[in-house]
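The block underneath contains the structure these notes are about, expressed in structure tokens.
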Amino acid sequence: MGAFAEAAAGDHFFWGKGISVPVGVLRTRLAGRSDELARVRAFYTEASAGTVQVLLVRGPAGIGKTTLLDATTYPGARVLRAWCRPAGHSAVRELLTAAETSPDVCLPPGTEATFSALSALYRPVAVLLTQGPLVLVLDDVHHCDELSLRWLDFLLRRAAGQPLFVLLAQVGDQPVRAGGALTEIVANRLAGTLYLEPLPEPAIAEIIAEKFGEPPDPAFTRRCAEVCGGNPALLDGLLAPLVANGSRPGADDAAQVAAPGGPAADASLTGLPGYVHRVARAIAILHDTHTERVALLAQVPPRLVEVAMRTLRHKGVLTVSGANPVAESFLDVLPDGELARLRMRAAQVLSDAARPVTDVAEQVMRLPALDLPWTRRVLREAAATAAHHGANADAARYLTRLLEARPDDVDVQLDLANALVTTDPVAALAHLEDVMPRATDVRTTARIAAQIGWASLVVRPRTTTVRVLDRALAALTAEVGDNPDLADCDLRTTLESVVAITGSNETSAIRTLRLRLATAPPPGAGTPAEQHVLAVRALVTALTGKPAEAAEDARRALSRDEHLPGGWSAVTASRVLFMVDDSDAALDGLNRATVESRRRNDAWTEVLALSVRGMVWLDLAEIDQAVADARAAIDVAARQPWSLDATLARLVLALARDAQSDVDGAEAALADIDVKPGPEALLEYHVHLVVKASLLTQRGDLPAAVELLRTCGRSLADAGVTNPMFAPWWLSGAMLLAMAGRFAEATEFVEHGERLSLLWDTARSRGMVLLAKGVVTTGPERIALLSSAMELLDQSPAKICQMQAEYFLGCALLDVDDKQARAHLRRAALLSGRSGYTALAVPARARLVEAGGRMPHATSRVDVLTGSERQVAELAARDVSNREISDSLFVTVRTVEFHLTNVYRKLGVSRRNELAAVLETALETDPPWSDDQ
């Protein structure tokens with residue numbers, strides 16, 4: 001019998017907070033917790049190697065903490081376990097009893113946490129540590145006594161370098177008996193926290209199948225999930241009577257699944273004192289069982305509240321179904337006026353108890369009217385709090401209700417539009433266009449114009465937006481004069497930043513934007529608006545060829561980014577830093593933007609960050625990672641209820657598929673673009689021309705491809721873009737024409753790139769020019785140029801170009817030195833194969849074989865993996881969960897799953913636990929290949 005069942009032995013019910021479950025249906029089998037189990041085992045592995053680990057397992061009552069602890073095994077360890085109880089119990093006594101140490105000798109009654117007492121209690125455990133790994137498990141640690149926690153802290157202080165693993169299980173919303181002692185352990189010793197989330201539907205279906213002996217119908221599973229809220233203990237309670245009655249888990253039986261305290265809940269309390277009814281209603285309104293708060297709302301003494309809650313549990317109506325501890329049916333019998341009075345009082349109780357303003361707002365939201373001024377203030381404060389924490393959907397809910405009460409409040413409507421920009425930009429624009437004619441002063445008009453600019457940017461820029469922004473900026477500048485105060489200065493900078501951002505991806509606006517930024521005073525980095533201006537200036541400077549100045553502005557722009565949408569300046573600054581060869585800083589900024597935008601539910605910025613990061617992965621020769629980011633961006637865009645443009649992500653996917661020699665896949669990605677980018681879309685249009693040219697070449701239409709590349713060059717020149725690495729059409733053209741033997745035409749492309757590189761003097765730009773020169777040159781000079789190109793590109797992030805230099809150098813050496821030629825061809829084939837760059841790996845392998853060289857499929861089994869796949873495989877082999885891998889690598893869980901699927905296929909394994917052996921064996925047994933082979 002597990003500790004969960006032991007706690008309930010001798011009684012009819014388990015008295016956990018809000019849970020009433022017959023003992024006979026309690027489970028010891030684990031379902032749906034494989035990732036959590038893997039994480040506990042990973043912590044134990046670290047601890048058994050001599051690194052003390054303390055893991056806190058948290059979650060609501062009945063969520064399965066004890067079942068998880070029961071299911072975990074600790075090979076080679078001694079396990080001591082204690083179940084903490086509210087009073088009259090000593091956890092350390094129970095642990096020492098489990099260790100077969102006499103508690104009467106080691107822990108006499110009334111023992112205090114003195115040094116001598118703690119030392120005496122420490123000695124028997126120290127002996128156990130010398131014998132091997134030791135695991136201490138304290139279940140329901142919130143009930144743990146002061147002495148036991150002080151002893152545990154004493155032990156942890158002295159166990160450095162020892163194989164000690166401490167597991168603490170805690171019900172999240174229960175009061176802590178010895179809060180100071182537990183806080184000290186958690187603050188100073190905690191290695192990690194494992195929060196048990198509600199079970200997903202597949203795990204619920206697994207439990208149902210176990211109970212009934214047959215798979216459930218999906219409708220039955222969905223109903224169980226809705227009623228139990230993913231809580232396994234409550235699920236057991238729901239299923240027990242159905243199993244006993246001989247029911248089946250079919251679609252027609254789903255209606256039989258009913259939460260305790262359903263429609264007849266109030267009737268189930270017939271004959272009980274009135275205070276029990278009042279307590280039940282107070283709990284239903286508060287969604288809380290805190291004694292003092294329930295007592296204040298129910299107007300029942302705290303002592304009677306405790307009695308009433310025990311009665312409710314015994315009656316089976318106090319549950320943890322979602323956020324509603326007691327069925328709402330207790331409120332159905334109340335007259336509307338009485339229910340409104342109780343909700344008003346509940347809001348006041350929560351406010352007086354200093355509960356979060358959002359808790360108070362949830363009560364206010366359910367009032368029939370917002371007649372009192374303080375109710376409107378609560379919603380305004382709650383909206384500001386929600387927006388600050390990135391919960392824009394909640395902020396929009398509060399503000400929508402407030403706007404219903406005050407439809408003429410321009411400030412409320414503006415705040416609502418701001419909250420909707422990332423969740424529903426179409427609705428945001430509608431609000432802004434509605435409120436614009438009602439603006440009564442220049443400053444309000446400027447604020448509205450700035451928000452229209454942001455919303456239009458998210459939905460898709462519109463020509464009218466630029467006119468609105470220009471008019472608002474001109475009016476504000478005339479109003480504030482040459483010496484604006486701080487607030488006016490910030491407002492003007494905000495408007496200028498939106499104007500700049502709107503024009504930063506418009507081909508025709510680049511020259512004008514460059515002049516405007518050149519004559520404007522240098523922006524600071526103190527406000528989000530100033531950082532946006534810095535990011536735009538960095539981008540425009542980069543496009544027109546000043547790497548040092550662009551890098552300085554980009555780094556300043558990355559110092560902070562708080563404006564909505566969340567990470568635009570971080571994404572743009574990161575693009576610039578990658579252009580100046582600082583790939584680490586670029587990826588760091590893009591990772592931050594991806595994580596932050598996901599946290600704030602800012603889909604537009606997340607799609608942008610993933611798309612740009614995909615472009616970076618392409619240059620770094622992480623082709624599979626580029627595919628994963630592009631697909632993730634497309635998925636995020638598809639999930640939005642409004643039309644979110646994923647053109648750049650589809651272009652990245654097309655480039656990656658092209659690199660994988662998947663011409664059909666690349667063309668399909670281009671065909672999926674809803675609106676083909678026109679010449680005004682600076683980035684998307686020119687990237688589209690380059691990838692389309694590559695695909696035309698592979699389809700045998702070289703003349704059309706060359707013409708597209710020339711069009712790309714002319715368009716960029718007209719816009720004043722002189723950066724040689726922005727959609728490097730000249731390099732693509734030189735290679736295509738050289739491979740077709742048209743060296744004279746190819747030289748024109750090279751000369752153009754060489755002129756541009758004089759303005760953008762980086763290792764990558766110089767290496768790319770030398771690569772292009774080497775490709776179009778014949779004779780001995782070709783080898784020298786390609787050798788220099790390879791050395792320069794090796795110092796830059798342009799790994800694709802580096803592999804191309806290796807390949808062309810190998811081909812050039814075939815007539816001079818077969819051995820060196822084979823070495824370079826083998827390296828080109830190996831590097832491109834690992835990166836997923838099939839378009840180069842296949843010809844490199846073929847030329848190597850033609851030259852008499854041997855090329856293994858890989859130097860070891862793991863060499864078939866790309867860099868990203870290998871990172872994921874190594875983490876997964878250490879039992880790190882998919883969620884933890886995604887967090888550590890700043891990618892989505894779907895991306896991790898995508899890489900693991902490729903890993904399993906390439907290594908020929910089918911399970912996660914086979915990875916460690918395969919990786920270790922491959923590295924130990926596969927022989928290295930020398931360049932002589």
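A short reminder: the numbers here are calculations on the coordinates, not readings from a lab. Worth saying up front: this structure is predicted, and the values here are computed from it rather than measured. No Cβ is skipped: glycine too gets one built from the backbone with ideal geometry, and neighbour counts run over all protein chains shown.
Data for the structure
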item	result
Cross-link table LYS773/LYS799; LYS546/LYS676; LYS799/LYS906, entries beyond 28 Å C-alpha to C-alpha	LYS546/LYS676
C-alpha long axis of helix 623-638 to longest principal axis of the chain, angle in °	60
Point-charge dipole on Cβ atoms (K/R +1, D/E -1) for the range 676-855, about Cα centre, debye to 20	620
Contact order relative to length of the chain, as percent, for alpha carbon pairs under 8 angstrom and 6 or more apart	7
Rounded tilt (10° steps) of 702-719 against the dominant C-alpha axis of the chain	80
The range 34-195 - percent relative contact order, Cα under 8 Å, separation 6 or more	39
Unit charges on C-beta of K, R, D, E only; dipole of the range 592-710, Debye	260
Cα centroid of the range 342-371 to Cα centroid of the range 687-728, whole Å	61
Prolate/oblate/rounded call for the range 34-195, Cα gyration tensor, a/c under 1.5 rounded	oblate
Acute angle (nearest 10 degrees) that the helix 425-435 long axis makes with the longest principal axis of the chain, alpha-carbon atoms	90
Lys, Arg +1 and Asp, Glu -1 on Cβ, resulting dipole of the chain about Cα centre, debye, nearest 20	840
Dipole of the chain [Lys/Arg +1, Asp/Glu -1 at C-beta], most positive-end residue of LEU809, ALA42, LEU182	LEU182
